[in-house]
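Inspection log for the structure reproduced underneath, given as structure tokens.
The values are calculated or read from the model by the stated rules, or taken from the named source; none is laboratory data. Predicted model only: the values in this text are computed from it and were never measured. Cβ placement follows ideal geometry from the backbone for every residue including glycine, while neighbour counts extend to all protein chains displayed. Heads up: the accessible areas ignore ligands, DNA and RNA and are worked out on the full protein's heavy atoms, side chains in. Shrake-Rupley method; radii C 1.70, N 1.55, O 1.52, S 1.80 Å.
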Amino acid sequence: MNANSSAPPAPPARADSGRRSAPGPTGPASGTASATGSTLPFVVPAGTPGAPVAEFLPDARPFIRERLREHGAVLLRGFDIGGVEGFEDVVRAVSGEPLAYAERSSPRSTIKGQVYTSTDYPPSEEIFLHNENSYQATWPMTLFFYCVRPPETLGSTPLADTRRVLRAIDPAVREEFATRGWMVVRNFIEGFGVPWQQAFNTDDRDEVARYCARNGVEVEWTGANGLRTRARRKAVHTHPVTGEEVWFNHLSFFHVTTLAEEICSGLREMFDEDELPANTFYGDGERIPDEIVAHLRSCYRAELRRFDWQRDDVLLVDNMLASHAREPFTGPRKIAVAMAEPSDAVPGPV
């Protein structure tokens, strides 16, 4: 199938057809392209299978970054990456030093330096479409995924173009969130999710308070060792380089109804709405109707595009132009992740 982002949403499109040439020191590389020029991800195969990516990137970097801003994601395929160390070099060659993972919302393990495992959730669980750290005051502009070992079945990292998601949302709903924003409330409760010590990389309450004050997060200590945080954020952003409007937030991802139905029901029986481990509201704190969040999820799913991982694939994602997810999978899937280019250091539109 073609990876054309204008393809119908069912079945999801796959990145495995269509060619467009791109210069590179290993010989002509190419990327998938549709008649409209829109693909997700844009695939850049090695000119020669197994060619060292380190030899390709210096000359190809401008081309890759242009395609990243145009399409939202680029897949490097067929190159010799050189393991995790080589993957780190890819990050540095394209985007500079990788970033630390701060204000965590999911469990990850460090592989090496600032290279992490993808979220350590059970293989049977889906991880819904989201934009990394979009609940924070700043976020990484570029994400990198490296396939160390592909799964046996499924296990894709699906993508959705946030420009198209924004256009798909009912105009009245879109305007409501553009005006009121959204709020995430997180309750760090023993036995539920990531402990606050792990989320903030410290067990010092004063350090947590200072971090939150710098980043527009309200802090409320609860019980003997509990923590509640509130953060109000924009739902619609303007991409700092392309100038395009994007649907960029964790509103649907953190909403309790995005969990499996039985888990959602169980948590709602145990906790009030603002005491759940995580939940989202309008920016003024008013409850968002469940049917509104269901509509938002349907807009994401309608734009979902997928591809099957191959060993040594490297996926680059513009974190504001494309959301990402994870399918359930079987087999020993291992995907390394790195983040780069903090949003508060990116220049304006060019």
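Residues in segment 217-251 that are surrounded by fewer than 17 Cβ atoms within 10 Å (Cβ to Cβ), closer than 15 Å to Gln136 by Cα and in contact (Cβ under 8 Å) with a residue 12 or more places away in the chain: Glu218, Lys234. When every residue of segment 71-79 is checked against the conditions, none turns out to be assigned to a helix (DSSP H, G or I), touching a helix residue (DSSP H, G or I) at 6+ places or on another chain (Cβ under 9 Å), of a type outside the set (Val, Ile, Thr) and at pLDDT 95 or above.
Name the residue, out of Ala345, Ala336, that is without any contact (Cβ under 8 Å) to a residue 40 or more places away in the chain, within 27 Å of Val53 (Cβ to Cβ) and small (Gly, Ala, Ser). Before you say what the answer is, go through the steps one by one.
Numbers: Ala336 fails: without any contact (Cβ under 8 Å) to a residue 40 or more places away in the chain.
So the residue among Ala345, Ala336 that is without any contact (Cβ under 8 Å) to a residue 40 or more places away in the chain, within 27 Å of Val53 (Cβ to Cβ) and small (Gly, Ala, Ser) is Ala345.
For segment 164-184, a residue qualifies if it is assigned to a helix (DSSP H, G or I), among the charged types (D, E, K, R) and in contact with a helix residue (DSSP H, G or I) (Cβ under 8 Å, 6 or more places away or on another chain), and exactly one does: Arg174.
Please enumerate the residues belonging to segment 288-342 that are among the acidic types (Asp, Glu), open to solvent by 10 Å² or more (accessible area, probe 1.4 Å) and not in a strand (DSSP E or B). Break it down stepwise before answering.
Filtering segment 288-342 for residues among the acidic types (Asp, Glu) gives 290-291, 303, 308, 312-313, 318, 327, 341.
Checking the rest, the ones that are also open to solvent by 10 Å² or more (accessible area, probe 1.4 Å) come to 290-291, 303, 308, 312, 327, 341.
If the condition is that a residue be among the acidic types (Asp, Glu), open to solvent by 10 Å² or more (accessible area, probe 1.4 Å) and not in a strand (DSSP E or B), then Asp290, Glu291, Glu303, Asp308, Asp312, Glu327 are the ones that fit.
Within segment 134-154, track down each residue that is over 19 Å from Val90 (Cα atoms), touching a Ser or Thr at 6+ places or on another chain (Cβ under 8 Å) and either part of a strand (DSSP E or B) or not β-branched (Val, Ile, Thr) (or both). Answer for segment 134-154, where residues must be over 19 Å from Val90 (Cα atoms), touching a Ser or Thr at 6+ places or on another chain (Cβ under 8 Å) and either part of a strand (DSSP E or B) or not β-branched (Val, Ile, Thr) (or both): Tyr135, Trp139, Pro151, Glu152, Thr153, Leu154. Would a scan of segment 197-209 turn up a residue that is touching an Asp or Glu at 6+ places or on another chain (Cβ under 8 Å), at pLDDT 95 or above and surrounded by 14 or more Cβ atoms within 10 Å (Cβ to Cβ)? No, segment 197-209 contains no residue that is touching an Asp or Glu at 6+ places or on another chain (Cβ under 8 Å), at pLDDT 95 or above and surrounded by 14 or more Cβ atoms within 10 Å (Cβ to Cβ). Out of all the residues in segment 185-221, which are touching a helix residue (DSSP H, G or I) at 6+ places or on another chain (Cβ under 9 Å) and in a strand (DSSP E or B)? Selection gives Val185, Arg186, Asn187, Phe188, Ile189, Phe192, Val217, Glu218, Val219, Trp221. Let me confirm something: among Val346, Val293, which residue is in contact with a strand residue (DSSP E or B) (Cβ under 9 Å, 6 or more places away or on another chain) and at pLDDT 95 or above? After ruling out the rest, the residue left standing is Val293. The requirement of being open to solvent by 30 Å² or more (accessible area, probe 1.4 Å) and not hydrophobic (A, V, I, L, M, F, W, C) is satisfied by Glu275. For segment 83-116, a residue qualifies if it is within 16 Å of the chain's Cα centre (by Cα), at pLDDT 80 or above and surrounded by fewer than 16 Cβ atoms within 10 Å (Cβ to Cβ), and exactly one does: Ala100.
Inspect segment 302-323 for any residue being under 22 Å from the mean Cα position of the chain (by Cα) and more than 30 Å from Arg149 (Cβ to Cβ) and give the result as yes or no. Lay out the reasoning, then the answer.
Here is the first cut: in segment 302-323, the residues under 22 Å from the mean Cα position of the chain (by Cα) are 302-323.
Restricting the remaining residues to those that are more than 30 Å from Arg149 (Cβ to Cβ) gives 302.
Yes.
Annotation note: Cβ proximity below 6 Å between a residue of segment 252-273 that is β-branched (Val, Ile, Thr) and a residue that is surrounded by fewer than 13 Cβ atoms within 10 Å (Cβ to Cβ) (sequence gap 6+ or interchain) occurs for Thr257/Asp290.
Number of residues in segment 36-65 that are open to solvent by 20 Å² or more (accessible area, probe 1.4 Å) and either touching a Leu at 6+ places or on another chain (Cβ under 6 Å) or in a helix (DSSP H, G or I) (or both): the value is 8.
Give me the pairs: first residue in segment 37-65 and over 18 Å from Ser95 (Cα atoms), second residue surrounded by fewer than 18 Cβ atoms within 10 Å (Cβ to Cβ) and aromatic (Phe, Trp, Tyr), beta-carbon distance under 8 Å, and six or more apart or on different chains, which are they? Listed by first residue and then by second, the contacts come to nothing, as the list is empty.
Residues checked against (1) at positive phi; (2) surrounded by fewer than 21 Cβ atoms within 10 Å (Cβ to Cβ):
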| residue | (1), (2) |
| --- | --- |
| Phe128 | no, yes |
| Asn133 | yes, no |
| Gln136 | no, yes |
| Pro140 | no, no |
| Cys147 | no, no |
| Glu152 | no, yes |
| Asp161 | no, no |
| Arg167 | no, yes |
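Within segment 71-82, which residues are surrounded by fewer than 24 Cβ atoms within 10 Å (Cβ to Cβ) and either free of Cβ contacts under 8 Å to residues at least 40 places away in the same chain or touching a Ser or Thr at 6+ places or on another chain (Cβ under 7 Å) (or both)? Of everything in segment 71-82, just one residue is surrounded by fewer than 24 Cβ atoms within 10 Å (Cβ to Cβ) and either free of Cβ contacts under 8 Å to residues at least 40 places away in the same chain or touching a Ser or Thr at 6+ places or on another chain (Cβ under 7 Å) (or both), namely Gly82.
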